[in-house]
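Enquirer: Could you have a look at this structure, given as structure tokens, before my questions?
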Amino acid sequence: MGEGLNNQKEGNGKKIRAVVIILTVFLIIIALGARMWVRSKTHITTDNAFIESNIYTVSSRIPGTVKNVYVKDNQPVKKGELLLELDPRDFEVRALNAKAQLDMAKNETSSDYAQVEAAKASVRVASARLEQAELDLKRGQALYEKEVIPKENLERLFTAHKMALAQHNEAEETLKRAVAVLGSSNPNKGAKILQRRAQLQEAELNLDYVKIYAPADGYITKKAIETGDIISQGQPVMAVVSLDSAWVTANYKESQLTYIRPGQQVEFKVDMYPGRVFKGTVESIMAGTGAAFSLLPPENASGNYVKVVQRIPVKITIDEKTDPEQVLRVGMSVESTIHTGRSIADIFKGIF
């Protein structure tokens, strides 16, 4: 009988232990589920994200023949570093020709200026003669009225006045033509001088453009040029990818953006580095959905409307301390998680 009681006690103990284990497992599952549910409300995650950065397209401002290429693909460069050089001989000749044209224009303008000064002197002489003729005519009329001189002399004075007036008008017209040819009374600012000086400046600029420099710190990519190639104006020859200013573009669903704000902390993982966590900060949220800025945006007002959850790009700056070696590269796939900072009270407040 004592053995039966012992067996019954052992059976009851096993049942109690089983119940305790089941309750413990159940509570653990509930706790894990609650933790995951709370985390889903406070941490917004998406795997539709990737690394982006500034990409500078390097092109030539002038056409020419490539003389030297000083870089190769994937080479790091600093801002202002010489990338390639075009053959400068054609542009040197053009600059010399433009300088010669400017000097010739200065000489021609100096001659035109001298003609203007001579025309001004002729106008002054003609004005003096006209004043003298007017005075002689007035005196002659007075004397004729007093019958001191005959009418013939008075007619000669009228003729002399007309001739002086005509000479004065001719001198003024000559001055106008000389000034029109010169374009300005200053020999250093004449129309020809300004034109030739502009041509010289253009030639000197083109001569400077034969050397192409790196627009920013970064890495050379898409190099499509070699020594001896002939390139045209504006033709892309390579690109410089700057990794100093890389950022993450995360395309969150519109239903996930309710509590996302600039300044919130972000953790993200990159497929290339499993187990490594990078950090960042929400910088901004795009002003529209990705579809709204696509090449062919949807026209919801036409045809049959089907509601589709849209995604809105969120720009996330990368904490430089988590990427000191610049291991992140443009286009890498990212899984980003934004910490919204909501408390449990805020979550239940939003529910109830």
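No value in this document is a laboratory result; all are computed from the given coordinates. Everything quoted here is computed from the prediction, not taken from an experiment. Ideal geometry is used to build each Cβ from the backbone, glycine not excepted, and the neighbour counts take in all protein chains shown.
Enquirer: Going by how many other beta carbons lie within 10 Å of each one, how would you line up 67, 223, fewest first? Let's see the in-between values first.
Expert: Details: 67 15, 223 18.
Listed from fewest to most nearby Cβ atoms, that is 67, 223.
Enquirer: Using the 10 angstrom Cβ neighbour count as an exposure proxy, how do 226, 170 rank, fewest first? Show your work: numbers first, answer last.
Expert: On the way: 226 10, 170 13.
Taking fewest neighbouring Cβ atoms as first place, the list is 226, 170.
Enquirer: OK, next. Can you work out the FRET efficiency for the pair residue 29 and residue 57, with r the C-beta to C-beta distance and R0 = 56 Å, to the nearest 0.05? Write down the numbers at each step before the final one.
Expert: Values: r = 55 Å, r/R0 = 0.99.
Efficiency for this residue pair is about 0.50.
Enquirer: Sticking with this structure for a sec: Near residue 211, which aspartates and glutamates are there with a Cα under 17 Å away, not counting those fewer than 8 places off in the same chain?
Expert: Hits, sequence-local ones excluded: 81, 85, 87, 90, 92, 202, 226, 229.
Enquirer: Now for a different question. Check cross-link reach from residue 151 to the lysines: straight Cα distance under 19 Å, and skip same-chain residues fewer than eight apart.
Expert: List returned: 138, 162.
Enquirer: Any lysines with Cα under 16 Å of the residue 321 Cα? List them, leaving off those in the same chain fewer than 8 positions away.
Expert: Residue 321 reaches 269, 279.
Enquirer: Order by neighbour count: 32, 194, 137, fewest other Cβ atoms within 10 Å first, most last. Can you show the working numbers first?
Expert: Numbers: 32 10, 194 14, 137 19.
Result, fewest neighbours first: 32, 194, 137.
Enquirer: Follow-up question, since we're still on this one. What FRET efficiency do you get for residue 97 and residue 170 if R0 is 45 Å and r is their Cβ-Cβ distance, rounded to the nearest 0.05? Working shown, then result.
Expert: On the way: r = 40 Å, r/R0 = 0.90.
The computed FRET efficiency comes out at 0.65.
Enquirer: While we're here: Based on the alpha-carbon gyration tensor of the range 201-244 and its eigenvalue square roots a ≥ b ≥ c, which shape applies: rounded if a/c is under 1.5, prolate if not and a/b is larger than b/c, or oblate?
Expert: Judged from the Cα gyration tensor, the range 201-244 comes out oblate (a/c at least 1.5, b/c at or above a/b).
Enquirer: Using 7 Å Cα-to-Cβ label points, what is the residue 139/residue 213 separation (nm, one decimal)?
Expert: 7.7 nm
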